[in-house]
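Trainee: Starting off with a structure, shown below.
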Amino acid sequence: MQDKRKIFRGALLGLAIGDAMGSTVDRKSLDDICTDYGPNGLLGYDLANGCAEVSSYTQLAAFTANGLIMALARSQAYGRNAPPLQYVSIALREWAKTQHYSLREQNYCWLSDEPELKRRRCMDTRMLDALTRDALGTLHSPVYRNDLPSALTEMVPVAMLGVLMNIRQEDIDLLGAEIMALTHGHAETILSAALLTHALSVLLAEPDIGAKALVESAVDAVSLEFGPEFGDLGHIWQQLELARALAESGCAPMEAMEKLRCRTVAEVLAGVLYTCTVCRDDFDAAMITAVNHSGRSAAVGAIVGAVLGICFGEDLLPEFYLESLEPVALLRQLADDLSRSGAPDQMDRLFDDEWDRRYLCPGI
């Protein structure tokens with residue numbers, strides 16, 4: 001469990017690092033980035049008041065984790081089924097309220113009281129609108145059909161849950177797709193969510209697996225499970241193959257990332273694959289590659305950070321990224337709570353007032 005905790009910490013902290021670095025230049029053109037930061041682009045945080053602040057990508061991953069832990073904690077404590085999708089829905093709705101400064105008096109997520117994870121940093125107004133509707137989207141009844149990567153980081157704690165609880169791979173892939181469908185109903189977005197959930201789950205179980213084997217196994221599994229209903233992964237596969245070809249070609253990173261565009265969810269996955277392939281052993285180089293392009297820099301940076309955080313674990317993340325990252329303590333707490341929530345022995349949580357305050361408060 002100690003090793004799992006370090007890997008979980010690495011995933012969430014790596015995600016936040018990539019998000020904090022990428023959000024500074026998110027959707028700026030590469031020309032503008034190089035004008036602002038020099039010919040090599042952004043090489044580290046652009047600090048605000050001495051801190052590296054995160055955006056909605058980290059917020060969404062954190063609130064998703066909060067919801068998943070609530071489901072596990074209540075299921076174990078009360079001996080009744082607590083559907084993870086229901087509790088993630090509650091958590092995401094509450095996150096959306098933090099973006100409007102309209103919280104209820106009774107909050108279910110302890111993160112709603114943490115300033116570092118509720119600043120107004122969401123740029124996808126349609127996602128916020130979806131989370132304020134009476135009925136959220138489902139796989140069969142979507143609210144918005146868009147292919148934006150805004151909710152892609154929600155898949156990181158979902159994959160962690162699957163490995164922690166030894167959930168069938170098909171079921172955890174489905175949960176990832178269902179959580180994405182709450183706000184994003186485009187078929188390619190659903191497929192990308194399932195694909196990322198599957199790949200991260202396998203990576204958590206086998207950190208040394210090669211990129212080619214990981215991607216091919218994920219594509220085959222998701223095609224089999226979701227293809228009959230949502231169509232094949234043809235376009236997503238084309239983007240991933242382009243990323244692989246560019247990684248093998250020796251193309252300069254900035255040029256390669258511009259060719260991948262990194263705007264839609266499929267293109268973001270391709271950018272992640274390219275970056276992790278060419279920079280797998282160098283976290284700093286990976287961050288620089290992940291954010292210096294004209295696309296969704298925060299999305300690519302966050303997912304790359306999560307992937308390498310899983311491979312590296314917390315101990316191998318560069319300290320200079322962590323020392324100014326604002327929500328470090330909160331993310332460590334979440335990672336520890338998630339790893340702790342999967343422990344079969346409940347004795348360590350009996351009479352734990354802080355655990356009860358965070359995950360077993362009345363109201364649901």
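Just so it is clear, none of the values below were taken in a lab; they were calculated from the coordinates. Everything quoted here is computed from the prediction, not taken from an experiment. Please note: Cβ atoms are built from the backbone with ideal geometry, for glycine as well, and neighbour counts cover all protein chains shown.
Trainee: How large is the charge dipole for the chain, taken about the Cα centre, if only the Cβ atoms of Lys, Arg (+1) and Asp, Glu (-1) carry charge, to the nearest 20 debye? If you can, show how the numbers build up before the last one.
Mentor: On the way: 31 positive and 51 negative charges, 167 e Å.
With only Lys, Arg, Asp and Glu charged at Cβ, the dipole is about 800 debye.
Trainee: Still on this model: At 222 nm, what helix-only mean residue ellipticity would the chain give, in deg cm²/dmol to the nearest 500, using -39500 (n - 2.57) for each DSSP H run of four or more?
Mentor: On the way: 17 runs with 225 residues, N = 364.
Calculated from helices alone, the mean residue ellipticity at 222 nm is -19500 deg cm²/dmol.
Trainee: How do 240-251, 89-100, 38-49 rank on mean C-beta neighbours within 10 Å, highest first? Spell out each step's value before the answer.
Mentor: On the way: 240-251: 16.4, 89-100: 20.7, 38-49: 13.5.
Result, highest mean first: 89-100, 240-251, 38-49.
Trainee: Using 0.36 nm times the number of residues separating ASP171 and ARG119, minus their current alpha carbon distance, what extension gain do you get? Please report the intermediate quantities before stating the final value.
Mentor: Values: separation 52, 0.36 × 52 = 18.72 nm, distance 3.28 nm.
Computed gain between ASP171 and ARG119 is 15.4 nm.
Trainee: Quick one: angle between helix 169-181 and the longest Cα principal axis of the chain, in degrees between 0 and 90, rounded to 10, please.
Mentor: Approximately 80 degrees, to the nearest ten.
Trainee: I need the P(r) histogram for region 24-69: all alpha carbon pairs, bin width 10 Å from 0 out to the longest distance, whole percents.
Mentor: In order of increasing distance, the bins hold 23, 35, 27, 12, 2 percent.
Trainee: Related question: For the chain, take the longest principal axis of its alpha carbons; what is the angle in degrees between that and the long axis of helix 84-98, to the nearest 10 within 0 to 90?
Mentor: Its long axis makes an angle of about 70 degrees.
Trainee: Based on C-alpha coordinates, I'd like the Rg and Dmax of the chain, in Å.
Mentor: According to the Cα coordinates of the chain, Rg and Dmax are 19.0, 59 Å.
Trainee: Quick one: what are the phi-derived ³J(HN,Hα) couplings along region 53-61, Karplus 6.51/-1.76/1.60 with θ = phi - 60°, whole Hz, x for glycine and proline?
Mentor: Whole-Hz 3J(HN,Hα) from phi for region 53-61: 8, 9, 10, 5, 5, 6, 4, 5, 4.
Trainee: Just check region 189-260 against the gyration tensor rule for me: Cα atoms, a ≥ b ≥ c as the square roots of the eigenvalues, rounded for a/c under 1.5, and otherwise prolate or oblate depending on whether a/b exceeds b/c. Let's see the in-between values first.
Mentor: Details: a/c = 2.43, a/b = 1.38, b/c = 1.76.
Taking the square roots of the gyration eigenvalues as a ≥ b ≥ c, region 189-260 is oblate.
Trainee: Label ALA48 and ASP129 with points 7 Å out from Cα along Cα→Cβ: what is the distance between them in nm?
Mentor: In this crude spin-label approximation the distance works out to 2.5 nm.
Trainee: Please list, ordered by chain and number, the residues whose modelled amide H lies under 5 Å from the amide H of LEU325; skip anything fewer than 5 residues away on the same chain.
Mentor: ALA52
Trainee: Relative to the longest principal axis of the chain, what angle (0 to 90°, nearest 10) does the C-alpha long axis of helix 211-230 take?
Mentor: 60 degrees
Trainee: Using mean Cβ contacts within 10 Å as the protection proxy, how do 221-230, 293-302, 148-157 order, highest first? Can you show the working numbers first?
Mentor: Numbers: 221-230: 17.0, 293-302: 29.9, 148-157: 28.3.
Ranking the peptides 221-230, 293-302, 148-157 by packing returns 293-302, 148-157, 221-230.
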